[in-house]
Amino acid sequence: MESELSFIFCSIFFSFTLLFSLFSLMIFLLRLKFGCGCEICRAFLTSSWSKEFDNICDWYTHLLGKSPTGTIHIHVLGNTITANPANVEHILKTRFDNYPKGKPFSVILGDLLGKGIFNVDGDSWKFQRKMASLELGSVSIRLYAFELVKVEIRARLIPLLSSFSRNSDVLDLQDVFRRFSFDNICKFSFGIDPGCLNLSLPISKLAVAFDVASKLSAERALTVSPIVWKAKKLLNLGSEKQLKEAIKMVDQLAEGMINHRRKMGFADKNDLLSRFMGTIDDDKYVRDIVISFLLAGRDTIASGLTSFFWLLSQHPEVESAIRDELDRVMGPSQELESFESMRELHYLHAALHESMRLFPPVQFDSKFAENDDVLPDGTFVKSGTRVTYHPYAMGRMERVWGSDSLEFKPDRWLQNGRFVPENPFKYPVFQAGLRVCLGKEMALVEMKCVAVALLRGFNIRVVDPARAPRFVPGLTATIKGGLPVMVEEN
């Protein structure tokens, strides 16, 4: 009897899975046949673009470069994509109220981010923005973050690299940076230390769950139709089942930390969780806010550092120039002792900006038009359209950056040896306008601290420098296969 029931259940489950797969295929074929017959949409639906380009962001760059206005439309996605700085200013500043994150985006990331700052609009966004601005803008919180970074570098990052240097082992630098930034953002956000960068390179349950949740949430946006992932969620199948389990793990750990903090007290703590708990009584809301900062501060830092060191492997003259500046500003053996001392490293500052021009940690960002509109380049935007600006493509546009747009040239950011920032709508790596990144300065300081420590203490050589980065789908740019390097201690 039991075996018969098991057989019946398996048969039903298999049949349903088969029907669901056929349903997904039907949606794909209907879109292919009736959705749009243009070359761009067919290339997107059939993935034929991958025959010529390693990354979809490179294909978009190609299409945007060919467009006279720097704007294209992917009809089957209902997505207008632009690399035109005038359009970016229009979206992020001039008509900011007409281009919120929008419900479609909020639904995609809602299970992970809830009502956190990166997933809401209107009054909720304004409240969190104001609160975060007050906290992140304070001198005390910046000094606290700076000390956390210095301790992680001295106690863990340098000993780990020294160990690999002595053993002549290959090290995945991307994984190291992800561990480093996760330790830091957990200490800064939650006041806990997951110890991901200990010499044994332990596996953190929170880090793994967070990775899975981020990856699968991002993949929702790549499905042929939202109906597909919503149906899988309803039936608790496949990737949606994995996502649910990962988010459950994140929620349990976050809930445990919040409950512990409420019992032990938080008035004398400096981490964001404690600071926000002093203002907000709703624990679920606190969880959503802090998880959003966890997402923003972990993967973006790691992505930016990984691309930076890959580019240095291609340009030893830039690495040499940075070392010369460090010797000149800091002396042969001095350490950076203060937040302010970073301001004198103009060439390093320029090199990091130039690296993120070519490889922004967040390659694109989308909004949804509330009302019909016309962009400055004449593109008509219908209400409900997804509108995407593309920092990755913008950094490679000749019409935006000149004939040397594809070259890695930190000097383009310098005037008389001093760093001069660009128009943020030409360089929206940290967003721009009212949603400009509040953690920008702290992120740059963290990246500089790591760059200084590694360039002064080690010679880092990429194992396969000829291999161009290929990215995996996700909310931030992550290199497929990591960044294997060899490390030599100076």
### Message
Quick check on region 161-183. Is at least one of its residues open to solvent by 60 Å² or more (accessible area, probe 1.4 Å), in contact with a Lys or Arg (Cβ under 6 Å, 6 or more places away or on another chain) and not in a helix (DSSP H, G or I)?
### Response
no
### Task
Would you check which residues across region 469-482 are out of contact with any Phe, Trp or Tyr (no Cβ under 9 Å at 6 or more places or on another chain), open to solvent by 50 Å² or more (accessible area, probe 1.4 Å) and not β-branched (Val, Ile, Thr) and list them?
Arg470, Pro473, Leu475, Gly481
#### Entry: Residues within region 100-140 that are assigned to a helix (DSSP H, G or I), touching a residue at least 60 places away in the same chain (Cβ under 8 Å), crowded, with 18+ Cβ neighbours inside 10 Å and in contact with a helix residue (DSSP H, G or I) (Cβ under 6 Å, 6 or more places away or on another chain), tallied
9
### Query
From the residues in region 449-490 that are farther than 30 Å from Phe118 by Cβ and among the small types (Gly, Ala, Ser), which one is modelled with the lowest pLDDT?
Ala466
### Query
Would a scan of region 424-434 turn up a residue that is assigned to a loop (DSSP other than H, G, I, E, B), of a type in the set (S, T, N, Q), over 15 Å from Phe308 (Cβ atoms) and open to solvent by 20 Å² or more (accessible area, probe 1.4 Å)?
no
### Query
Residues Leu197, Leu234, Leu148: which one is assigned to a loop (DSSP other than H, G, I, E, B) and at pLDDT 90 or above?
Leu197
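Filter region 382-405 for residues that are open to solvent by 80 Å² or more (accessible area, probe 1.4 Å), in contact (Cβ under 8 Å) with a residue 12 or more places away in the chain and assigned to a loop (DSSP other than H, G, I, E, B) and give the result.
Answer for region 382-405, where residues must be open to solvent by 80 Å² or more (accessible area, probe 1.4 Å), in contact (Cβ under 8 Å) with a residue 12 or more places away in the chain and assigned to a loop (DSSP other than H, G, I, E, B): just Lys382.
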#### Entry: Any chance Thr379 is of a type in the set (Ser, Thr, Tyr) and open to solvent by 30 Å² or more (accessible area, probe 1.4 Å)
yes
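Here's the yes/no breakdown for (1) closer than 20 Å to Met447 by Cα; (2) free of Cβ contacts under 8 Å to residues at least 12 places away in the same chain; (3) in contact with a strand residue (DSSP E or B) (Cβ under 7 Å, 6 or more places away or on another chain):
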| site | (1), (2), (3) |
| --- | --- |
| Leu273 | no, no, no |
| Thr279 | no, no, no |
| Ile291 | no, no, no |
| Leu294 | yes, no, no |
| Arg298 | yes, no, no |
| Trp310 | yes, no, yes |
### Message
Quick check on region 63-74. Is at least one of its residues under 25 Å from Ile479 (Cβ atoms), in a helix (DSSP H, G or I) and hydrophobic (A, V, I, L, M, F, W, C)?
### Response
yes
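The values are calculated or read from the model by the stated rules, or taken from the named source; none is laboratory data. Here the structure is a predicted model, which is why all the values come from computation and not from measurement. Cβ coordinates were reconstructed from backbone atoms using ideal geometry, including for glycine residues, and neighbour counts include every protein chain displayed. When the accessible area is computed, the model is the full protein with side chains, heavy atoms only, and any ligands, DNA or RNA have been set aside. Shrake-Rupley method; radii C 1.70, N 1.55, O 1.52, S 1.80 Å.
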